[in-house]
Every structure is written in structure tokens, then in C-alpha cells.
Amino acid sequence: MKKRLTYIDVINVVAIYAVLMLHSSQYQLSNGSVVKNGIIQAIFIPAVSLFFMNSGATLIGYLKKYNTKVFFIKRFKRVVIPLVFWSIAWYLFDINFHAFPGPIPHPNPSISDFLISFANNNIFNIFWFFYAIILLYLTTPILAYLADKYKNILFYIVFLNFFGNFFFNFLAGLTKYGQFMPQTSIQINPFISVYIGFFIMGYLIKVNYFNQKQLTLIKILGLISLIVLVLAPILKIKHDLLINSPFVFFYCIGLYIFLKQLSEKYNFFTLHKNFIAKLSSTSLGIYILHPLFFLWFTLIFPVSTKGFIYIWVMPLVTYIICGIIIYFMKKNKFLKIVMP
């Protein structure tokens, strides 16, 4: 029987709540409250990276459980079918309504417009996550083969990914005088996805590739990185410079290790593992539907987008109500198919 890892569920819960916080504080980034919302964005920036790491932790070793054909069938059911269904649903919604964030208006709807929009992630822009994870799924059979005997090569891929997509781009955004300039158009991406470093690190952490000293070092780098990211909006450092920087990379991985160790250390998480698993099961559903709940919240409570209620209360209310609805939706045979 497959053993469910509680820390995976805990991280899923933290990740989706971080997504809600990112989106509730995102609206005013370019329209006031830049410092306050910039700090919130810095704290919750690991949101989707945590999802990528969890996916790598649970999927890269799939060959020990089933073959590649079964892997792709499972992934198709889990992600591709819901992506198509909810893209159609949001496309129809977008014709006459608007919600934030995600939906993109389509004033001249047609089948051809839908197909072109679907191919370009131009229906519901936060669905970029599903396009990215599908790309990682296509890479996973290669990673699964390496995982058996060549974990050092996996770590080498992480290093290349870090250098090409975080370290190099960060340096390219600085002049020798310490001033900022537009990031270079040169791309150093040695593998298929910019998110593959997080994907692989989730697996390497799961299989104890790193010793305790190395894990502690990563956590320290993560803490230092968090401090830098929080200070950045206060010091008016350009957000685009840091978004793909080593600071984001180490903060995301350091937080992942911290949450994993925290979940494994305290009995609270073990005692409540079934409840946490139920919360975790609603995460992707909340990701898909939360803009609709944000819209309903603002219609019922017409509050300022700069205020405490919008930024802090709305995500909590959305998580609770949306989570409950999605949990019961997944009890239905049809809705279970289209709700990841």
C-alpha cells in the first residue's frame, strides 16, 4: 500500500494559501501600496515553486511503482483533462464577465479563437502552472531513469538550471556600477524547463540526497534570501531583478526543507494527517476556482483593494469556503474527473 507523506500534504496546503496571498496583494503593486504589498509578495513568493518540488518528490521515482505508460495515463487524467475542461469553462465565463486574477476577455469568441488562445495560455493566465507541469511530465521519464543510479547527474542538472536561470540572469541585471539594466536576452537554459531545478530538488530532498549539514546550510541561505527579498521593496530595488535571482531559488528550497522537517518533527501533524490530507486534496481545485470566489467576495463586501480585509481576510475566507465546496465536488463521480 502506498504510504502517504504528511509533509507533502502540509506543503500543498501552505503552497495554495501562499498563492491566494500573492494574488490578493498583487492588485495594488502598480497602483499604490507598493512597499507593503511588495513585502507580502516577497514572503509568499515560493507558492508555485513548492508545488513543483512536491511534484518532483512524488513523481520522479515512479518506476518503482509502475511503468511509463501508466505514468502518462495517470498524469493525463490528473492534469490534462481538468486543464481542457476548465479552459472551456473560463473561456465561456470570460466572454461576458471579469474576475481577478486570471481570466482574459474574449469579445469575439469562436472555436478557432479558443484553440489559438488555448495553445498560447491566453484564456486563464494563471494556468501557466499546468502548462509548465505538463512540460515537466514529458521530462520525467528521463529523470526517473537517472534517479535509480545517477543522482549526481540529477544534481548537476539542478546546478545548470540554477546557473542559467537564476545566477546568470541576476548578474546580467547589474552593471559594474551596481545600477540596474534590462536583463539580457541571452538564454542559458540547458534543459527543457526553467522549473526543473525545483522539480528535481523536491525528489533529492525526499530521498535524503543531502546530509544534515548541507540541509542546514540551505536553510540558512534561505533565511538570508528571505531577508534580502523583504528588504528589496523597502529599498526600492527593482522587482524584476530579484524574481529570478539566487535569493528566490534558495528561499524556496530552504522553506521547503523547513516545512518538511517541521512536519516530521511534531506529532501534531501525524495526529491530524487525515485532516491535512483532505485539505491538501483541494489545493489544485482552489487554484482553478479562487478568482471566482475573489469576485464573489468583492461583490458581497465591496472593500478597498488596498485594505486589510481584501489582502488578508479574503484569502482566508476563500480558502475555507472554496476548499469545502471543492472537497464535496470531488465526491461526485463526474466532477471528480474534471477536478484535479
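Data table
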read-out	value
Total residues in region 1-36, condition modelled with pLDDT under 90 and among the aromatic types (Phe, Trp, Tyr)	1
Candidate set from region 168-196 (those that are assigned to a loop (DSSP other than H, G, I, E, B), under 20 Å from Tyr251 (Cα atoms) and under 21 Å from the mean Cα position of the chain (by Cα)); member that is modelled with the lowest pLDDT	Ser193
Test: residue in region 306-329 that is surrounded by 21 or more Cβ atoms within 10 Å (Cβ to Cβ), among the hydroxyl-bearing types (Ser, Thr, Tyr) and closer than 30 Å to Asn208 by Cβ	no
Val228 of a type in the set (A, V, I, L, M), under 23 Å from the mean Cα position of the chain (by Cα) and closer than 20 Å to Ile40 by Cβ	yes
Filter result for Lys69 (out of contact with any helix residue (DSSP H, G or I) (no Cβ under 6 Å at 6 or more places or on another chain) and within 23 Å of Leu204 (Cβ to Cβ))	no
Residue pairs meeting the criteria (Cβ under 8 Å; at least 6 apart or on separate chains; first in contact (Cβ under 8 Å) with a residue 40 or more places away in the chain, in region 67-84; second surrounded by 12 or more Cβ atoms within 10 Å (Cβ to Cβ) and not in a helix (DSSP H, G or I))	Arg78/Pro340; Val79/Pro340; Pro82/Met339; Pro82/Pro340
Positions within region 52-74 being in a helix (DSSP H, G or I) and in contact with a Ser or Thr (Cβ under 8 Å, 6 or more places away or on another chain), in sequence order	Leu59, Tyr62, Phe71
Wholly within region 77-167, helices (runs of 4 or more DSSP H) carrying at least 2 residues that are modelled with pLDDT under 90 and buried (at least 18 other Cβ atoms within 10 Å of the Cβ)	151-162
Among residues of region 219-262, those that are closer than 19 Å to Asn161 by Cα, surrounded by fewer than 18 Cβ atoms within 10 Å (Cβ to Cβ) and at pLDDT 95 or above, counted	1
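The values are calculated or read from the model by the stated rules, or taken from the named source; none is laboratory data. Predicted model only: the values in this text are computed from it and were never measured. Every residue, glycine as well, gets a Cβ built from its backbone with ideal geometry; the counts of neighbours run over all protein chains shown.
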